[in-house]
Amino acid sequence: MKLALYSCIIKPLNNFQIPVKNFFHTALLSVKTETYFTLLFIIIPALNFISGLNIDLYAPSLPAIATYYSVSPALVKSTIGIGMVGFAIGCVVFGSLFHIFSHRSIILGGLLGYAIMGLLALICPNIAVFFVIRFIQGFLISIMSVGARVVMVENFSGHRLNVGLLYISLAFSLGTILAPFIGGMLQYHFGWHANFLAYTVFAGLLFLAYALFISEKNFVKEKISVRQIAVNYSRVLRSRLFVAGMLMVSCAYTAAMVFPTVGGFLVETVLQRSAIAYGNAALLIGLGFLFGSLLNRLFIKTIIMLRLISIGFIMLLVFTVLQVVLAMFAPFNLFVIVLPIFLIGFALGFTNNNIMVICLRHFTGHASIVSAAFLSLQLLVASCILFVVSHIHVEGLKMLAAIFAVLSLSQIVLYYAVFKPVAKEI
């Protein structure tokens, strides 16, 4: 009887302890090597996809949230900025922790915590608690952006690494592109709470995929002192290439976030259009960046990155001038808003990804530190600019064009004065 009990119950339970014990290091399912690498190219960029969703999935709901909590539009628009501040701080924190704890445990823990925050938003009693939730969501989602790049750098090298990093950037872009469209549909049919339930669903599905298929590769726990962390960050921050690249991408990222920040009120309040109309407009604008990034991906094998970046900035200058001309002479409507921002996004598809790849490739020995520093500073700079933008009364094309002109010219000056000369010497 005892032997039968051991064979039927106790022995299988003992065997089951193996994957549970190694859960934070080993995938629950084992697959062939080529299949595993294919899954890496799907699941790892998906981590950054959800980072893109986090920023502006709920952007179409900003007017509804302002009404729900009886607060000003400027205050509710600031929730985007507070999420970005959380993201920036999280990048610094987790950039160091990825050297100390297993990547799999940090990423799975982050996804689980993020899913819980989405549920808590459904019962959020006031705008103050809503701010806290958005900060924590930004803090936790930083794990996905930093972790995605770290895992890719540790698994690939050479051309495959370049392609993998570009896929990660494209995934983030795709997330920001689809987010307002999905959010607009959810807001129109179900209300703003549905967007936060969607955060939970996306995080839950990604948690399941990562737990099943992605393992830790050659993790060695490092003993890193605070002094060593400071030395690593100092080395990166002293690089003119890094600082110029980070500032350019910050301006580009801010440009991508201007429409999600002010567009909901501009389209839904000033033009009196629906949340779906805003979502569709945001989708078209995002497709501009996606098309530019995909075309850049086709050319990257035959044209060097610096030349592609130069082409992108020439287009950016032309399209920014077009926006200013339209703002001065064209009638105010949705088409005139969308067209120049679509074209500006297309031009940025040739600059953003390539600039970040050059910076990461220059510091391959400190992937998590560089990725964390780049993302955190980029988001801090962008959130500061967006805080100012959210308090600017944008009710027409001229002010919108002025914001984009400042951001575009800043990038062009930084590139030709600092980044390009330094990159040529490397």
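Odds and ends about this structure:
- Of the trypsin sites (Lys or Arg not before Pro) in the stretch 271-301, those whose Cβ has at most 11 other Cβ within 10 Å and which sit in DSSP loop: 301
- With the biggest extent put first, the Cα atoms of the stretch 365-411 measure 47, 21, 10 Å across the principal axes.
- Alpha-carbon Rg with Dmax, taken over the stretch 90-138, Å: 12.9, 38
- Over all other residues within a Cβ to Cβ distance under 12 Å of residue 240, the charged ones net out to +1, with Lys and Arg as +1 and Asp and Glu as -1.
- Taking the three principal axes of the alpha carbon atoms in the stretch 323-426, the coordinate ranges are 52, 28, 21 Å, sorted in descending order.
- Burial order of peptide ranges 96-102, 75-81 (average beta-carbon count within 10 Å, highest first): 75-81, 96-102
- Taking the number of Cβ atoms within 10 Å of each Cβ as an exposure proxy, the fewest-first ranking of 268, 216, 425, 395 is 425, 395, 216, 268.
- Dividing the C-alpha radius of gyration of the stretch 215-327 by 2.2 N^0.38 Å, with N its residue count, gives 1.54.
- In plain terms, the residue of 254, 269 with the fewest other Cβ atoms within 10 Å comes first and the most crowded comes last, giving 269, 254.
- Peptides 175-185, 240-250 ordered by average Cβ neighbours within 10 Å, highest first: 175-185, 240-250
- The base-10 log of I(q)/I(0) for the chain, evaluated at q = 0.07, 0.08 Å⁻¹, reads -0.34, -0.44 [Debye formula, identical scatterers on Cα atoms, solvent excluded].
- Mean Kyte hydropathy of 0.0 or more with a Cα span along the axis of at least 20 Å, helices from DSSP in the chain: 33-56, 73-97, 103-121, 127-155, 158-190, 193-213, 240-265, 275-299, 305-329, 334-348, 367-390, 397-414
- Order of 57, 119 under a 10 Å beta carbon neighbour criterion, fewest first: 119, 57
- When the stretch 110-263 is described by a simple charge dipole with +1 on each Lys and Arg Cβ and -1 on each Asp and Glu Cβ, the residue from 239, 171, 258 located farthest towards its positive end is 239.
- Count of Lys pairs (Cα-Cα under 29 Å; at least 8 positions apart or interchain) in the chain: 15
- Each eigenvalue of the Cα gyration tensor of the stretch 17-156, multiplied by 5 and square-rooted, gives one semi-axis; in descending order these are 33, 15, 14 Å.
- Based on alpha-carbon atoms, the Kirkwood radius and the radius of gyration of the stretch 46-102 give Rg/Rh equal to 1.13.
- Inter-part distance where the stretch 255-322 and the stretch 19-80 are each reduced to a Cα centre, Å: 21 Å
No value in this document is a laboratory result; all are computed from the given coordinates. All of these numbers come straight from a predicted model, not from anything done at the bench. Positions of Cβ are backbone-derived with ideal geometry, glycine not excepted, and every protein chain shown enters the neighbour counts.
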